[in-house]
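So the structure is just underneath, and the comments pick up after that.
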Amino acid sequence: MTDKITIQTPIKQRLLFIFLVIIAFAALLWINLRFSQLTNAGSDFLTRWLPVQLMVYEGVENPYSDEVSYQIQLLRYGRATLPGEAPGLFAYPYYIVPFILPFALIKDLVIARGLWMFLLQLCHISIVVLSLRICRYRPTASLLLLLLMFSLVSADMLIATIEGNPASLAALFLVLSLFFIQKEKDTVAGLMLALATIKPQMTVLFFALVWAWALSN
């Protein structure tokens, strides 16, 4: 009888943990959708989402064209930009399109932005978990919870989430590259490095350091 109770208790604890995680993620998604509905931020997401949507639904071939930039300005400002205002350019490598495409298929900007924010927050959580794995550090449950909360509400992470900046996705690919290098899976690590270049200015120094390490080894 004692053995049966001992076996069942961990199973119940795991089920309770999974249930609480699902509830937490559902609440986080609802908060994002509600926030997206109540605010007009998210310019970084808008300047990627609208060009890809125009490619899908309007047959636009060049997301870098002046016409696409004008459409971004109309949606953001209701008019063409004035001197000193952000021009609304699709200023990212073309191969970011597959990452934006699932959200561009959603015609409602509020829903698309809310889901994108949720994705970025999952990236932040994953960065924390992977970094701990790389460092082979196992924090207590309470400390892990604090770290995960910090990854969602710290200034840099929060601004990136609100504006919908793909930097969070690029950062996850960089951490994944280190994770796979540690696992000696260099091909996958190289793929992660390549994907991280969706935000080129973030990766220059990182590439240099990885190459220096690779050459020295």
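The values are calculated or read from the model by the stated rules, or taken from the named source; none is laboratory data. Note that the structure is a prediction, hence the values are computed from the model and not measured. In this analysis, Cβ positions are derived from the backbone assuming ideal geometry, glycine residues included, and neighbour counts consider all displayed protein chains. Note: areas computed on protein heavy atoms with side chains; ligands, DNA, RNA excluded. Shrake-Rupley method; radii C 1.70, N 1.55, O 1.52, S 1.80 Å.
Taking the stretch 23-75 on its own, how many of its residues are small (Gly, Ala, Ser) and in contact with an Asp or Glu (Cβ under 7 Å, 6 or more places away or on another chain)? Quick ask: steps written out before the conclusion?
From the stretch 23-75, those small (Gly, Ala, Ser) are 24, 26-27, 36, 41-43, 59, 65, 69; that's our starting set.
Now narrow it down to the ones that are in contact with an Asp or Glu (Cβ under 7 Å, 6 or more places away or on another chain): 41-43.
Number satisfying all stated conditions: 3.
For the subset of the stretch 154-186 comprising residues that are within 23 Å of Ala24 (Cα to Cα) and open to solvent by 90 Å² or more (accessible area, probe 1.4 Å), which member is modelled with the lowest pLDDT? By that ranking, first place goes to Asp156. Inside the stretch 74-114, residues that are part of a loop (DSSP other than H, G, I, E, B), open to solvent by less than 40 Å² (accessible area, probe 1.4 Å) and at pLDDT 90 or above make up a count of 1. Run Ile23 past the list (1) under 20 Å from the mean Cα position of the chain (by Cα); (2) among the β-branched types (Val, Ile, Thr); (3) open to solvent by 60 Å² or more (accessible area, probe 1.4 Å) and report the number of the one that doesn't hold. Ile23 satisfies all of (1) under 20 Å from the mean Cα position of the chain (by Cα); (2) among the β-branched types (Val, Ile, Thr); (3) open to solvent by 60 Å² or more (accessible area, probe 1.4 Å) except (1). Would it be correct to say that Ile127 is open to solvent by 40 Å² or more (accessible area, probe 1.4 Å) and either of a type in the set (A, V, I, L, M) or modelled with pLDDT of 95 or more (or both)? The answer is no for Ile127.
Residues in the stretch 115-162 that are of a type in the set (Gly, Ala, Ser) and assigned to a loop (DSSP other than H, G, I, E, B): Ser154 only.
Within the set Ile96, Ile31, the sole residue that is in contact with a Lys or Arg (Cβ under 8 Å, 6 or more places away or on another chain) and within 18 Å of Thr161 (Cβ to Cβ) turns out to be Ile96.
Could you run through the stretch 113-128 and say how many residues are among the hydrophobic types (A, V, I, L, M, F, W, C) and under 12 Å from Val175 (Cβ atoms)?
Here is the first cut: in the stretch 113-128, the residues among the hydrophobic types (A, V, I, L, M, F, W, C) are 115-120, 122-123, 125, 127-128.
Checking which are under 12 Å from Val175 (Cβ atoms) leaves us with 123, 125, 127-128.
So the count comes out to 4.
Given the conditions (1) under 16 Å from the mean Cα position of the chain (by Cα); (2) among the hydroxyl-bearing types (Ser, Thr, Tyr); (3) open to solvent by 60 Å² or more (accessible area, probe 1.4 Å), and given that Ser43 satisfies all but one, which numbered condition is not satisfied? Ser43 satisfies every listed condition except (3).
State all residues of the stretch 47-68 that are buried (at least 21 other Cβ atoms within 10 Å of the Cβ) and among the hydroxyl-bearing types (Ser, Thr, Tyr); if no residue qualifies, say none. Result: Thr47, single match.
One residue stands out among those in the stretch 187-198 that are free of Cβ contacts under 8 Å to residues at least 40 places away in the same chain and within 19 Å of His124 (Cβ to Cβ): the one that is least open to solvent (accessible area, probe 1.4 Å), which is Ala196.
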